[in-house]
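The values are calculated or read from the model by the stated rules, or taken from the named source; none is laboratory data. Everything numeric here is computed off the predicted structure, so don't read it as measured data. Here the Cβ is made from the backbone with ideal geometry for all residues, glycine too, and neighbour counts use every protein chain on show. Keep in mind that these areas ignore ligands, DNA and RNA; they rest on the heavy atoms of the full protein, side chains included. Shrake-Rupley method; radii C 1.70, N 1.55, O 1.52, S 1.80 Å.
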Amino acid sequence: MGRGGKSGRGKRGSSTARSGGRDAPTTGTGNTTNTRQTGNRDLDNWKDIKYSNPAFEAYYQAQELMGMEEWDEFKGALKRDLPTTFRVTGSRAHAEAINDEIKEHYLPMLSNVTISRDFLMNPNMQRMQQRVDEANSQSATPASETGADADVDTDVIVPGEAGITLDSDTGMIALAPPKQLPWFPGHLAWQLDVPKRVIRKSPEFKVFQRFLVGETEIGNISRQEAVSMIPPLLLDIESHHVCLDMCAAPGSKTAQMMEALNHHSTVTTGLLIANDSDLKRCHMLVHQTGRMPSVGLGVTNNDASRIPTFKLTVPATGTSDKPRTTALMFDRILADVPCTGDGTMRKNLDIWKTWTPGNGAALHPLQLRILLRAMQLLKPGGRMVYSTCSFNPTENEAVVAAALNTEPGMFKIVPQPADKVLPGLKRRSGLTKWKIYSQDEQGELVFHPSRIHHFGYVAGVREKRKQRGIEDAFFLQDDVVEELRACQAAVEGDVEKKKEYDAGYAVGLAGSGKITGRDKVLAETLWAPENVASLGLEHGLRLLPHDQDTGGFYVCVIERAAAPSSGGDESKKRAVSPSAPGGPEDNGAPKKAKVEAAAQGAVSSDVAFVEKPAVAVALPVAPVVAETKTVQQGKKKKGTEHIFKEDPFFYVQPNDPELVSCIEYFGLSSDFPQDRCFVRNGTGAANRNLYMSNDIVKNLIHSNPYHSIRLLSAGIRVFVRQDTQNRNTNLHCKWRIPLEGLPSILPYMDQSKILHGTIDDLEVMLSDMYPLVSDSGGIHNQTSGLLAEMKDKSLGCHVIVFHAGTSTRHGGGSLRIPLTLPLWRAKDSLSLLIDKKEKSMLSLRTFGEDITSKAADIRRLAAETSTELPVKPEATEDIVVGTDSTIGLAEEAGIVAEERGEKTVDAEAAKEEA
Ligand SMILES: C[S@@+](CC[C@H](N)C(=O)[O-])C[C@H]1O[C@@H](n2cnc3c(N)ncnc32)[C@H](O)[C@@H]1O
């Protein structure tokens, strides 16, 4: 999140920063030595130039994130490529099977991989070398004039980098196999050290890379930075919890939270609201969460610092009682807030250029407001995690300290002992002291021991500019003038404060006469509060890149005190009773904040100056709903508040004829929750898709206008209408079960309706995408009892379990655990209702090769040689709108593209209209 500041540019070797006389860091090059022992000076020089920001170094050395003896190691790690890390998604039944596949198939394949030493030089360099040799041998012209010593790229393998070692005896370069992250539960997370640019030099690693890409696309693997996997783990989620992910997009942590809620199933009774303020990113979130579907999920689009209070309806309990609404409070909240991201410098190289201390200071008020809102929404006894991918204490400890001080004693930081919590994860303690700097136009850091010093500095700069006849608009702003005056008045008569002020004033007056954009005036909550030592900030976790070759990260686990047990349950009273002060919005959450200015300052995002003298005020809560309504009525707002155009949610009548037809056709038991099925239109008619939620999501939708809470999606799609083009086709049920809905429907299905197949049947279904039911041998003459059995089955959707087993085919193959899939019986053929990519990956996993294209290849070959082989027009006719009937792929284009939410003619038509 760079801000394009000018700091640091051209300042290598600049002089000592001004500091008001103490704690002066240097922005010079004293610590820029690169200690990486690569033996490749060209690469090191190149990286030194690219990876340098004296202000960054000076600032963090002054913060004492680590002992100075570690600094070079820290900086060396920042300059290296980040290893690839990924995790096998946890709650799918086959997560273990995929993990075993990595362990048993790929790991042996990737162990002992070596490549030739020739790769030490990349092709560019080899060509250059050739030209140098030629030039030197053939003419007297110096090589430099032939262009042979022109700039070369840096695509070179460097022994000594993580994952790469040179065996000097054999002259071969060994590549390290992937390794499991020792601290990740179930060992489902992996790290691959070999850099991406080297992977393509090894056939074995290329194969593994393809596996990773494929499995990631279909959602079995999530590529995620190792440190980013930590916050959801520390939330300690149980399947009944009500959870909120405040800044959720693109959703890697949401997926982890969802997995924890849906441990081994999709039928959680809990709730996860995944929220983000950016509408586009929210749509990414919807896509991402589609890979981990759940009846307990809702995606919303709100500014997290003003996220509306969601209401729930409490049913009447007695005859005289009436249903009433209550504010929804959360058991678990993740506030993975927007941050400068300087912990991600290893992959976001721009941050080297754009980093300034002002970036962190500017985000601090928004981060604080988000954390405060999270505290308001946390249940008594609930747990939340605050996290950033920044090293900066102004975005981490300063935010947490200010938030804790708003309601002393109500929240506490929970220690995470290294031997008990994620053992094996190296972590550092949170900071209990830090320093605040601004940066002047010359890139110099200016230390401000206190806010009064800072005010003096601002006044000094203003005075100097005035003397030069310059009056900046900033200094004339009413609130700035007012703050400066108030500060001047406050220091008069207070000898100590006056000294501080004067010291700052002197620094301002002596300086360049400029203050950079974002650093103009800083929020009071940036400075460590007086009670900093008693807040438990050391219990926060800091992850440093050189400890275990990761990005940088900060995580802090905070719990709210349980409700007092005597005198009744105060928190419940507040949370449940709409008549409590403030109505449903008064959820018993902390209201007083000595951070009013911080909270307000973030509204005008350009000026970080925010604080008024300590005054207790309530944070904004109530206006949000009204505002969203205004937006809804058409007034477009600036920034994140867009007109909300999503389809409504409408729960269908339990006796809806379409729903009843699904229930009858699939033999769903009487406990199937008909009343929890909904459509996305305003009429309640089941036109195209039927979705299902759990009770709490239904309650949420009924208790809040969906546009007020800006609800984009909820629950799982469980039935999709599948009309056929062929009018003569006689379908008993026009609905099919999409793959994502199957786990939610399966528990209710009549066992006699479920078909059974073998791994050989699966092979037929994969290798011949549309095998003919009349062709019991399949296109490869592979035996399949399934095809014969299917002759007598009704047209339409079926569910089949392929049982674990070993293949009898020539190339072998094995299915480790049973696999349940939806299947479509067309007039003459069958097809699995999963998309092409998923078929390929399943094929690779089961048979060690992608057999899915074989049928198409055979047909293509047959067409070329005029051999008569069956073309499958009926699958096309029968099922979907499409044009490519010749190779039977229209089915893919229709049903399956729709599965993925892609825009096809058919999918477009599927968009429901009210
Ligand atoms: C660090 S990223 C979150 C990453 C995410 N938790 C994950 O693991 O994939 C921060 C997110 O905050 C969002 N954001 C920024 N300002 C916000 C605000 N005021 N309210 C809610 N979300 C915000 C951004 O759109 C961005 O998606």
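Just a few scattered comments:
- Under 5 Å, built H, 5+ apart or other chain: amide partners of I436: H448
- Alpha-carbon gyration tensor eigenvalues x 5, square-rooted, for the stretch 391-442, Å: 27, 19, 7
- What the Cα convex hull of the stretch 177-308 gives, in volume per residue, is 123 Å³.
- Dipole orientation for the stretch 449-521: of the candidates Y501, S450, I515, I515 has the Cα lying most toward the positive pole (charges on Cβ; Lys, Arg +1; Asp, Glu -1).
- Cα-based Kirkwood hydrodynamic radius, the stretch 396-521, one decimal, Å: 17.1
- Size descriptors for the stretch 345-399, from the alpha-carbon set: Rg then Dmax equal 13.7, 44 Å.
- Residues whose placed amide H lies under 5 Å from that of A274, excluding near-sequence neighbours: D245, G298, V299, T300
- Each residue, K103 and A562, gets one label point 7 Å from its Cα in the Cβ direction; the gap between the two is 3.8 nm.
- Per-residue HN-Hα couplings for the stretch 817-834 [Karplus 6.51, -1.76, 1.60; θ = phi - 60°; Hz; x = Gly/Pro]: 10, x, 10, 10, 9, x, 9, 10, 9, 8, 4, 10, 9, 10, 8, 6, 8, 10
- Surface accessible to a 1.4 Å probe, per residue, for the residues of the stretch 449-521, Å²: 49
- Packing order of peptides 767-773, 804-810, 72-78, highest average first: 767-773, 72-78, 804-810 (average count of other Cβ atoms within 10 Å over each peptide's residues).
- Taken about its Cα centre, the stretch 449-521 carries a charge dipole of roughly 360 debye when the Cβ of each Lys and Arg holds +1 and the Cβ of each Asp and Glu holds -1.
- For the stretch 230-295 and the stretch 345-370, distance of Cα centres in Å: 26
- Close amide-amide hydrogen proximity is noted between W735 and Q722, each under 5 Å apart and 5 or more residues distant or on a separate chain (H modeled in the peptide plane; Pro and chain starts excluded).
- Averaging Cα coordinates gives a centre for the stretch 450-505 and one for the stretch 183-205; these two points are 55 Å apart.
- For the stretch 449-521, the Cα-based Rg and Dmax, in that order, read 11.5, 32 Å.
- Rounded percent of accessible protein surface that carbon and sulfur make up, the stretch 317-400, 1.4 Å probe: 51
- Low-density loop cleavage sites - GluC sites (Glu not before Pro) in the stretch 496-555, where at most 13 other Cβ are within 10 Å (DSSP): E530
- 3J(HN,Hα) from dihedral phi, the stretch 428-435, Karplus parametrisation 6.51/-1.76/1.60, rounded to Hz, x for glycine, proline: 10, 6, x, 7, 10, 8, 7, 10
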